[in-house]
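Trainee: Before I ask anything, let me first share the structure, which is written out below as structure tokens.
The values are calculated or read from the model by the stated rules, or taken from the named source; none is laboratory data. Keep in mind the model is a prediction, meaning the values are calculated, not measured. Glycine gets a Cβ as well: all are built from the backbone with ideal geometry, and neighbour counts include every protein chain shown. When the accessible area is computed, the model is the full protein with side chains, heavy atoms only, and any ligands, DNA or RNA have been set aside. Shrake-Rupley method; radii C 1.70, N 1.55, O 1.52, S 1.80 Å.
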Amino acid sequence: MINNINFCKRCLYSEAHPLGLILDSEGICSGCRIHEEKDKLDWSERWDKLEKLVEPYRSISGEQYDCIVPVSGAQDSHFILHLIKNKLKLNPLLVTYNKYFNTPLGIKNLVNLRIKFDCDILYQNINPKSVRKITKSTLHQFGSIYWPILAGQTVFPVQTAVRYKVPLIIWGAHQGLEQVGMFSHEHEVEMTRRYRKDHDLMGYEADDLLSVFNTLSEEDIWQYRYPDDKDLNEIGVRGIYLGNYVRWDPKAQHELMIDEYDYKTASFRRTFDKYDFVDCFNYMDLHDLLKLYKQGYSKVTDHASREIRFGRITRDQGLTLVKNYEQKPPEYLDLFQKWLGINQKELQFIINQHRNLSFWKHQYPDKWVFNGLSSMNQGQKAEGVSKDLFLESSTLEDKIGKKYIVFGKGV
Amino acid sequence: MRLVLLKKRIIGTVIIKNGWAVQSFGYNRYLPLGKPECVVENLDRWGADEILILSIDRSSNRLGPDFSLLEKLASLQLETPLIYGGGISTIEEGVKVIGLGADRICVDSLLHDNFNIVRKLSERLGRQAIIGVMPVMANNGIIKWLNYRNKSSLPLKDGMLDNYTKTVSELLLIDFLNEGSKDGFNNKILEDFIDVDLSLILFGGLSDGPKIKKLLANKMVSAIAIGNFLNYKEHSIQNFKREYSRSNIRDSYYKERYSLLNDK
Amino acid sequence: MKRINVTIVNYNVGNYASLSYSLKALGFNVRVSSEHSALVDSDIVILPGVGAFSSAMQELERLDLVGSLKDLASNKHPIIGICLGMQLLTECSYEHQHTIGLGIIPGEFVSFENSRLHIGWNTLEGINSEKNIDSNKSYYFNHSYVYKGPSKYQICTTTHLEKFASIIRNENTIGLQFHPEKSQKSGKELLQKIINEACVA
């Protein structure tokens, strides 16, 4: 039983944050303190630094890509490309990893991205048998369905950088910095294998899965291996984050992309943000439910904390939104069950194993009582958050239907 | 003919607070980093000359050494010498830390509380296995040694550390005020340090730049320990070794196992 | 190809995890044991060790391993002593008090001049060389006592304030002053080479 969890006085995070969160003597968390830099740093000076940083990577002949840019049908990709093509005037090679849980809206946004920004793009598709095997194993053992996606998204750009000999990889924001203030913007933190293993992959790289699961063999996981240090050094591979040089504000950025590039958005049951994660049927659904089970809080808390820090909602409004959204039922479990080849009862049984008993009390069969972080967090009920805080222009199914879109020709 | 063949060491340092690897700033502000095992394993892969683990909240909380961390680390297949400090207050604890896989131990509080135990540990484990940790600051030509638990500081005078020379192998001098500040290490700490027949490891505000070259050239200095600054870029240890390749340090090493470029 | 069986002598002095893992990663079968039969059964025995010479000898005596190790050596069974393990293979040490060792390799251990220490990465120089030693590679040393003995038992030297033997050998018993299991790539490669050569002989 967790007795005394301390919460930030400003945002909604607690010391129980999985990335590690530190409260200072005034009760303000490291994430909020680093967020203060967004209004203190000289962003035009930082932009100049970025220009200088990318300069040596410009292909002189113009016949080679200047950088690798990981993209998807969501996640700030439009804005990232807007900065890279329009402002930095770099010539990127886009890479994207097939999640399998693709929404029609996400595919539409991805096509939109490729065409509007007129870019070359590479797709990585790992065979579905291996992906299902890994997902089944990690679901059972870790209560996670996202390992292959996180592993693929974070490694495919690095492998491409080595294979195509394009050393510079440009990412958007650094999750550790944005959420818990793991680094200052001024540290100019870059991509590291350590961070990926520690925080993206829960401490398990591809080969580590082989020692945990005897259901998996090398042929299932070799594609997720991080390139050797020797290869990285030979090519000079380097991953930078635009968020260190630009005042990163996902809501504002998405809205700019909606206006200028026709980025499409959708609403979710489990959060008030309508801009991010529209490319996946599971991220804000089963994956988010698992987060609530294991961590005692879910994505809506991340969204609320972010908007509190930007001053667009108050802390009480944030907490009210969280309590409103976090218990909403998922809507796409049946798609996942069909894909993985398990039935509803089996799925519920498995995921119940992963409820963190510090946050969940088992009352009787099928009845669990939640005493998660939002219940422990002090705050008053506060309404008044406009339904138009985030605007939706479509749905995940985008008139096509409730099904995972298979990557194929013409996508 | 090269006269000095023993290389100067670059020590990758991991500060641990509350079970988390953290970045430490001036001994009072902290930012999270992640799981200690991930950070340590990474330093091993990068080829640090030694890995130093300082568990900073053990003594103040009377928790003893972090044995469970050491057990976890023992299963990581590390190939790099490991130094552990934090919470060692008895002979049994010191011996157990070595028994769990550390090659050397650091003592800080014990130097103030019971020097006799340090002496006994030195006899049991060998003087080479013991490092004395001293958080220090320079003030008008005097070096002050901080006792971080009761926050008192002792001005050092020549001769004060003479009984250390038979007991510890090296002194780890921590510029605690400048810890975490880029290139912040105060040179005066080395310049004004009292005469003592012991090698010095320097830590606190060492990141990059010409200052480190000078420090490495000083014959009192056997090693440089770096903490926070190793966590911002890939291959930090290798980059560091490249920058100071003329300073008698071991070459950098880039691990190879499943090459994409040299497919066999 | 038959895998080489290594037995690490377990005498409660030090930690064997690193050594064990290194050896396994190199493709050897590894056992950690204090049983005489496990030592005899192996292709090669490794005697590790950290700490004080006299406590280590006491442990070896308590576990009845002194006789075992001497017998193994006289039967030409390959043995490698690492760091303190190397010291124990010799006749005696002057650490704190004069203590008798296993006497398998003639020579003794005395302190560095002026009670110096040798800590860090240093290189090897082959003498009496059957081995090709790459003097660009370095290995991790952590000791305060050095070997003094007839040069015919010295295979490699290392220099730190004075020149001393970093690898010694008598017939099939080898002593390594440094820690190959803590010397990353170069350590592993050298350990593999030494074990392979010792077991072929």
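Trainee: Could you check, for segment C:129-148, whether at least one of its residues is over 21 Å from B:Asn248 (Cα atoms), among the basic types (Lys, Arg) and either touching a Ser or Thr at 6+ places or on another chain (Cβ under 7 Å) or in contact (Cβ under 8 Å) with a residue 12 or more places away in the chain (or both)?
Mentor: Looking for residues that are over 21 Å from B:Asn248 (Cα atoms), among the basic types (Lys, Arg) and either touching a Ser or Thr at 6+ places or on another chain (Cβ under 7 Å) or in contact (Cβ under 8 Å) with a residue 12 or more places away in the chain (or both), one finds at least one in segment C:129-148, hence yes.
Trainee: Please state which of the following conditions C:His179 fails to meet, knowing it meets all the rest: (1) facing chain B (nearest Cβ under 10 Å); (2) closer than 18 Å to C:Ile44 by Cα; (3) open to solvent by 40 Å² or more (accessible area, probe 1.4 Å).
Mentor: (3)
Trainee: For segment B:181-191, check the following and say yes or no: at least one residue is over 15 Å from B:Ser222 (Cβ atoms), open to solvent by 10 Å² or more (accessible area, probe 1.4 Å), touching a residue at least 60 places away in the same chain (Cβ under 8 Å) and more than 14 Å from chain C (Cβ to nearest Cβ).
Mentor: yes
Trainee: Can you tell me which residue in segment A:118-128 is farthest from A:Phe336 (Cα to Cα), limited to those that are in a loop (DSSP other than H, G, I, E, B) and open to solvent by 10 Å² or more (accessible area, probe 1.4 Å)?
Mentor: A:Asp118
Trainee: Can you tell me how many residues in segment A:180-190 are facing another protein chain (nearest Cβ under 10 Å) and out of contact with any Ser or Thr (no Cβ under 8 Å at 6 or more places or on another chain)?
Mentor: Residues meeting the conditions: 7.
Trainee: Can you tell me which of (1) outside any helix (DSSP H, G or I); (2) under 23 Å from C:Pro180 (Cα atoms) is the one C:Lys2 doesn't meet?
Mentor: C:Lys2 satisfies all of (1) outside any helix (DSSP H, G or I); (2) under 23 Å from C:Pro180 (Cα atoms) except (2).
Trainee: How many residues are of a type in the set (Ser, Thr, Tyr), closer than 20 Å to A:Lys9 by Cα and open to solvent by 50 Å² or more (accessible area, probe 1.4 Å) if we restrict to segment A:361-411?
Mentor: Residues that pass the stated criteria total 1.
Trainee: Considering only segment B:205-212, I want to know if a residue exists there that is closer than 30 Å to C:Asn114 by Cα, more than 14 Å from chain A (Cβ to nearest Cβ) and not aromatic (Phe, Trp, Tyr). Write out each step before concluding.
Mentor: Step one: list which residues in segment B:205-212 are closer than 30 Å to C:Asn114 by Cα, which gives B:212.
Checking which are more than 14 Å from chain A (Cβ to nearest Cβ) leaves us with B:212.
Subsequent filtering for residues that are not aromatic (Phe, Trp, Tyr) retains B:212.
Scanning segment B:205-212 turns up at least one residue that is closer than 30 Å to C:Asn114 by Cα, more than 14 Å from chain A (Cβ to nearest Cβ) and not aromatic (Phe, Trp, Tyr).
Trainee: With the condition kept exactly as written, say whether any residue in segment A:164-171 is surrounded by fewer than 22 Cβ atoms within 10 Å (Cβ to Cβ), at the interface with chain B (Cβ under 10 Å from one of its Cβ atoms) and farther than 30 Å from B:Asp183 by Cα.
Mentor: yes
Trainee: Could you identify the single residue in A:Arg247, A:Arg196 that is within 14 Å of chain B (Cβ to nearest Cβ), of a type outside the set (Ser, Thr, Tyr) and under 29 Å from A:Trp47 (Cβ atoms)?
Mentor: Numbers: A:Arg247 fails: within 14 Å of chain B (Cβ to nearest Cβ).
The match here is A:Arg196.
Trainee: Which one of these is among the aliphatic types (A, V, I, L, M), touching an Asp or Glu at 6+ places or on another chain (Cβ under 6 Å), more than 12 Å from chain A (Cβ to nearest Cβ) and without any contact (Cβ under 8 Å) to a residue 40 or more places away in the chain: B:Leu70, B:Leu78?
Mentor: On inspection, the qualifying residue turns out to be B:Leu78.
Trainee: Another question, then. Of the conditions (1) open to solvent by less than 40 Å² (accessible area, probe 1.4 Å); (2) within 12 Å of chain B (Cβ to nearest Cβ); (3) outside any loop (DSSP other than H, G, I, E, B), A:Ser211 clears all except one; give me its number.
Mentor: (1)
Trainee: Applying the selection to segment B:103-122, what residues are buried (at least 16 other Cβ atoms within 10 Å of the Cβ) and polar (S, T, N, Q)?
Mentor: B:Ser109, B:Ser122
Trainee: Output the helices (runs of 4 or more DSSP H) that fall wholly within segment A:17-111 and possess 1 or more residues being open to solvent by 10 Å² or more (accessible area, probe 1.4 Å) and farther than 22 Å from A:Val166 by Cα, or say none.
Mentor: Once the helices (runs of 4 or more DSSP H) in segment A:17-111 are filtered for at least 1 residues that are open to solvent by 10 Å² or more (accessible area, probe 1.4 Å) and farther than 22 Å from A:Val166 by Cα, what remains is A:30-36, A:43-54.
Trainee: Given the options B:Leu70, B:Leu125, B:Leu100, name the one that is open to solvent by less than 10 Å² (accessible area, probe 1.4 Å) and more than 18 Å from B:Val196 (Cβ to Cβ).
Mentor: Criteria check complete, one pass: B:Leu70.
Trainee: Which number in (1) touching a helix residue (DSSP H, G or I) at 6+ places or on another chain (Cβ under 6 Å); (2) in a helix (DSSP H, G or I) marks the one condition that B:Met137 misses?
Mentor: So the condition that B:Met137 fails would be (2).
Trainee: Here is a further query. Scan segment A:191-208 residue by residue and report those that are among the acidic types (Asp, Glu), surrounded by fewer than 21 Cβ atoms within 10 Å (Cβ to Cβ) and out of contact with any Ser or Thr (no Cβ under 7 Å at 6 or more places or on another chain).
Mentor: A:Glu205, A:Asp207, A:Asp208, listed by residue number.
Each row is one residue, and each column tells you yes or no for (1) open to solvent by less than 20 Å² (accessible area, probe 1.4 Å); (2) part of a loop (DSSP other than H, G, I, E, B); (3) more than 14 Å from chain B (Cβ to nearest Cβ); (4) farther than 24 Å from C:Ser22 by Cα.
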residue	(1), (2), (3), (4)
C:Ile105	yes, yes, yes, yes
C:Ser135	no, yes, no, no
C:Tyr140	yes, no, no, no
C:Tyr147	yes, no, yes, yes
C:Cys156	yes, no, no, no
C:Ser166	yes, no, no, no
C:Ile174	yes, no, yes, no
C:Lys185	no, no, no, no
C:Leu191	yes, no, no, no
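Yes/no per residue for (1) of a type in the set (A, V, I, L, M, F, W, C); (2) within 25 Å of C:Gly120 (Cβ to Cβ); (3) away from chain C (no Cβ under 14 Å):
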position	(1), (2), (3)
B:Leu100	yes, yes, no
B:Asp108	no, yes, yes
B:Leu111	yes, yes, yes
B:Asn114	no, no, yes
B:Arg124	no, yes, no
B:Arg127	no, yes, no
B:Val133	yes, yes, yes
B:Ile142	yes, no, yes
B:Asn147	no, no, yes
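Trainee: Quickly run through segment B:16-63 and pick out the residues that are at pLDDT 95 or above, open to solvent by 10 Å² or more (accessible area, probe 1.4 Å) and more than 13 Å from every other protein chain (Cβ to nearest Cβ).
Mentor: Answer for segment B:16-63, where residues must be at pLDDT 95 or above, open to solvent by 10 Å² or more (accessible area, probe 1.4 Å) and more than 13 Å from every other protein chain (Cβ to nearest Cβ): just B:Leu54.
Trainee: Let me ask something else about it. For residues in segment C:59-102 being farther than 24 Å from C:Leu191 by Cα and within 12 Å of chain B (Cβ to nearest Cβ), which is surrounded by the fewest Cβ atoms within 10 Å (Cβ to Cβ)?
Mentor: Among those that are farther than 24 Å from C:Leu191 by Cα and within 12 Å of chain B (Cβ to nearest Cβ), it is C:Gln97.
Trainee: How many residues does segment B:216-249 hold that are open to solvent by 30 Å² or more (accessible area, probe 1.4 Å) and part of a loop (DSSP other than H, G, I, E, B)?
Mentor: 7
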